[in-house]
Amino acid sequence: MKLTFLGTGTSQGVPVIACDCEVCQSVDFHDKRLRSSVHIEVDGLSLVIDTGPDFRQQMLRERIKRLDAVIFTHEHKDHTAGLDDIRSFNFLQQMDMPVYASTAVITQLKREFSYIFADHKYPGVPLVDVKLLDGKPFTIGQTTITPINVMHFKLPVFGFRIGDFTYITDANYISDEEKKKIKGSKVLVLNALQKTPHISHFTLDEAISLAQELKADQTYFTHISHKLGSHRDVSAQLPENIYLAYDGQQLTL
């Protein structure tokens, strides 16, 4: 399995528009963060979790030539706004794009991208094949994917486990029952927004504590705000085997 962090930033990305803070003014490429998404190559499949506003830019940057499915964590705009750009894959692959998502996500997509779901489609609109997720494990090709139910304040969000890899973003609570699905992961990706308390995201300290509890071989933090601090400074303070992810970073399991 090969993982590529397409984006590791929060909803505004980093740098934030019109912000003069040290992180936003940094010239370190590690501090340039597009909206959170990950590309997974496994069992001959090319999968993307979430298509945020930067989806087109991310596909071009990583030179991704094929996409077999899109999997959505939840319905927030910073995770769905780039769906229109699957059109290129429709044209190249001559197939409707399988989209795996909860009923709530599909409802939001139908509202935001009504033309995709219209009975009479305008020529050239994206074509999708909706696969509803109910929280049970599902398969794409030969690959089994296990949804993990987490909470983003009061909003249910799916994390996903694929083999020894677990991806969780936009969460501030995971029940003990759902934590059992994560344990034993070799690589865990977890959101860590900032150092100060937030209503719907883990803070850095909360994410570190959870990572140490779950005991993955390696944990990488994503969905990072400019308020967290610079990549260099925060990385120097992290415990062993816990890291800040960065855009374009690749891991092989």
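Can you name the residue in region 226-249 that is part of a loop (DSSP other than H, G, I, E, B) and polar (S, T, N, Q) and, of all such residues, is farthest from Val187 (Cα to Cα)? Only one residue tops the list, namely Ser230.
The condition of being within 24 Å of His74 (Cβ to Cβ) and among the charged types (D, E, K, R) holds for only one of Lys186, Lys180, Lys215, that being Lys180. Selection of region 66-98 for residues being outside any helix (DSSP H, G or I) and either of a type in the set (D, E, K, R) or modelled with pLDDT under 95 (or both) yields Arg66, Asp68, Glu75, Asp96.
Would you be able to say whether some residue in region 156-176 is part of a helix (DSSP H, G or I), over 27 Å from Arg33 (Cα atoms) and either open to solvent by 10 Å² or more (accessible area, probe 1.4 Å) or of a type in the set (A, V, I, L, M, F, W, C) (or both)? Working first, answer last.
Of the residues in region 156-176, the ones part of a helix (DSSP H, G or I) are 176.
When the remaining residues are screened for being over 27 Å from Arg33 (Cα atoms), the result is 176.
Add one more test, that the residue is either open to solvent by 10 Å² or more (accessible area, probe 1.4 Å) or of a type in the set (A, V, I, L, M, F, W, C) (or both), and what stays is 176.
Yes.
Here is a yes/no grid of residues against (1) open to solvent by 10 Å² or more (accessible area, probe 1.4 Å); (2) within 30 Å of Phe138 (Cα to Cα); (3) not in a strand (DSSP E or B):
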site	(1), (2), (3)
Gln12	yes, no, yes
Gln25	yes, no, yes
Leu47	no, yes, no
Gly52	no, yes, yes
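The residue pairs whose first member lies in region 121-147 and is touching a residue at least 40 places away in the same chain (Cβ under 8 Å) and within 17 Å of Phe165 (Cα to Cα), whose second member is polar (S, T, N, Q) and surrounded by fewer than 16 Cβ atoms within 10 Å (Cβ to Cβ), and whose beta carbons are closer than 8 Å, counting only pairs six or more residues apart or on different chains, are Ile145/Thr139. When restricted to residues that are closer than 21 Å to Leu34 by Cβ and surrounded by fewer than 14 Cβ atoms within 10 Å (Cβ to Cβ), region 67-111 contains 1.
For Tyr122, work out the one condition from (1) more than 30 Å from Lys183 (Cβ to Cβ); (2) open to solvent by less than 70 Å² (accessible area, probe 1.4 Å) it doesn't fulfil. Checking Tyr122 against (1) more than 30 Å from Lys183 (Cβ to Cβ); (2) open to solvent by less than 70 Å² (accessible area, probe 1.4 Å), the one that fails is (2).
The residues of region 179-225 that are part of a helix (DSSP H, G or I), open to solvent by 20 Å² or more (accessible area, probe 1.4 Å) and farther than 24 Å from Ser26 by Cα, listed by number, are Lys179, Lys180, Lys181, Glu206, Ile208, Ser209, Gln212, Glu213.
Results for (1) at pLDDT 95 or above; (2) hydroxyl-bearing (Ser, Thr, Tyr); (3) touching a His at 6+ places or on another chain (Cβ under 6 Å), shown as yes or no for each residue.
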| position | (1), (2), (3) |
| --- | --- |
| Ala18 | yes, no, no |
| Cys24 | yes, no, yes |
| Ser37 | yes, yes, no |
| Ile40 | yes, no, no |
| Gly44 | yes, no, no |
| Val48 | yes, no, yes |
| Pro53 | yes, no, no |
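Picking from residues in region 226-252 that are farther than 18 Å from Cys21 by Cβ and charged (D, E, K, R), the one that is least open to solvent (accessible area, probe 1.4 Å) is Asp247.
The values are calculated or read from the model by the stated rules, or taken from the named source; none is laboratory data. What you are looking at is a predicted structure, and each value in this text was computed from that prediction instead of being measured. Cβ atoms come from the backbone with ideal geometry, glycine included; neighbour counts cover every protein chain shown. Remember, those area values only see protein heavy atoms, side chains included, never the ligands or the DNA or RNA. Shrake-Rupley method; radii C 1.70, N 1.55, O 1.52, S 1.80 Å.
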